[in-house]
Each structure stands twice: as structure tokens, then as C-alpha cells.
1. Report yes if Phe68 is touching a residue at least 40 places away in the same chain (Cβ under 8 Å), within 14 Å of Leu145 (Cα to Cα) and touching a Ser or Thr at 6+ places or on another chain (Cβ under 9 Å), otherwise no.
2. What's the number of the condition Asp161 fails, among (1) more than 17 Å from Lys142 (Cα to Cα); (2) modelled with pLDDT of 95 or more?
3. Only residues that are assigned to a loop (DSSP other than H, G, I, E, B), of a type in the set (Val, Ile, Thr) and closer than 18 Å to Tyr95 by Cβ: list them for segment 1-59, please.
4. Scanning segment 191-213 for residues that are surrounded by fewer than 13 Cβ atoms within 10 Å (Cβ to Cβ) and at pLDDT below 95, which turns out nearest to Gly126 (Cα to Cα)?
5. Go through Val146, Val116, Val122, Val107 for me and flag whichever is β-branched (Val, Ile, Thr), within 18 Å of Arg37 (Cα to Cα) and buried (at least 19 other Cβ atoms within 10 Å of the Cβ).
6. Here is a check on your reading of the model: is Ala123 of a type outside the set (Val, Ile, Thr), touching a Leu at 6+ places or on another chain (Cβ under 7 Å) and at pLDDT 95 or above?
7. If I ask for residues that are within 18 Å of the chain's Cα centre (by Cα) and of a type in the set (Asp, Glu), which ones from segment 1-57 would you list?
8. When Ala143 is evaluated against the numbered criteria (1) farther than 20 Å from Leu199 by Cα; (2) at pLDDT 95 or above, which criterion, by number, is the only one it fails?
Amino acid sequence: MKPFTTEDLLACYRRGVFPMAESREDEGFFIVDPEWRCVFPLDRFRVSRRLARTLRSDRFSFTVDRDFAAVIDGCAAPGPDREDTWINPDIRALYLSLHAQGSAHSVEARIDGELVGGLYGVAIGGAFFGESMFSRVTDASKAALVQLAARLRHGDFKLLDAQFITPHLEQFGAQTLPRRIFQALLSVALETPADFAALPEATSGADLLQILR
């Protein structure tokens, strides 16, 4: 069987599908094409008052693409709210290669320089496909998500895909769309020039909130 390559992975995203494994211990993976898709409207991204206060305090600092491997490992590790994850060695290796090629990115939340949370995903044109996030302290993954949303808004992205809806994502304004609507939005976003690196890493929490207003 022909090996599944990073080019195959990017082709999947362009078609609106993505890979998952049954568990961290599973061999191989399968391709998912959900009937309903979770997305964040970047012009209506919501941040709670409590989280906004935390961001304005600059408790968290952020880096981008500094420690992709540690972020994907944090996302793959079991946590208090998940006994298992779907990121197995095959998926890990694929995304590490995609990161080395410049298409997969991580946002890292830090306290005093220590990595305490983050997320990773894939950027193609003006579309960003969020894959997973993790948190080791309260609000770390939420703060990283706000940083990502501001980064995408600032960089002229048109679509932030989050795959499946959860109560955690709903609080930020995430919504579900039928597959045909998602595909139409994706088609436009893929043809839109965007710049993931346009926002400086050192942007303050208050400035992130200003971008999302």
C-alpha cells in the first residue's frame, strides 16, 4: 500500500476531511468527513469577562511554532477530562513533518517561560484547521485559543475550523454548519491570501482583545 504522505494530508484538508485514530495505541488512522462541522466566526468570536480579565493581566505570554513537538505531545497525553486521545504515533509523525514543511503551526501559552498549554493546527490559504489543544493550568488552552483567533483575524484568515462542537468551544461562539455550507466557505477561504505570522508574538492580552472587538 502506498504510504500516506504530507501531500495526501494537505489534499484531505483541501477536500474538507481530516484523519483520526481510535486511540493513542491504535495502529493507523481513518479519514473523517462529518455531516456537521464546527467553525468559529472570526468576526463574532466571544471572550468571557473573566477570561478577558485574565488576558489583560498578562498572566500568560505566548509563543508561536517554538515547541510544536511539545504541544502535540501535550495534546496526545491523557488528562483529567480525557482518559485517551486520538493522536497516535502515525498522526504525530505526519504533523511533525507538516510542521517542518511550514503548514502546521502551534500556539503556546506560557507562564514565566514554562509551557502550560497550547494548540496546533494546519493553515492553507485563508483557512485554519484546528486539531487539538491542551492545558496544564486553568485557562491556558482558552488563552491560546484567543491568541489564535486574534492571529487569524489580524492575518486575514476567513475560516477557523474546529471539527466537532463541544460546550467548551460554544462559549467562544462556535457554531455547527452542514457539510455543504462548510464546503462553500472552505472553497472561498482556500483561495484567500492570509499570513499566519502577521501578528507579533509579543502582542499583549489587551491588544488581542482589541483585535477581536
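1. For Phe68, the condition - touching a residue at least 40 places away in the same chain (Cβ under 8 Å), within 14 Å of Leu145 (Cα to Cα) and touching a Ser or Thr at 6+ places or on another chain (Cβ under 9 Å) - is not met.
2. (1)
3. To start, the set of residues in segment 1-59 that are assigned to a loop (DSSP other than H, G, I, E, B) comprises 1-5, 16-17, 21-29, 33-35, 41, 45-48, 57-59.
Imposing the further condition that a residue be of a type in the set (Val, Ile, Thr) reduces the set to 5, 17, 47.
Result: Thr5, Val17.
4. Arg213
5. Values: Val146 fails: within 18 Å of Arg37 (Cα to Cα); Val116 fails: within 18 Å of Arg37 (Cα to Cα); Val107 fails: within 18 Å of Arg37 (Cα to Cα).
Result of the check over Val146, Val116, Val122, Val107: Val122.
6. Details: of a type outside the set (Val, Ile, Thr): yes; touching a Leu at 6+ places or on another chain (Cβ under 7 Å): no; at pLDDT 95 or above: yes.
In short, no.
7. Asp33, Asp43
8. Answer for Ala143: the failing condition is (1).
The values are calculated or read from the model by the stated rules, or taken from the named source; none is laboratory data. Treat the numbers as computed from the prediction; the structure is a model and nothing was measured. Don't worry about glycine lacking a Cβ; one is built from the backbone with ideal geometry, like all the others, and counts go over all protein chains shown.
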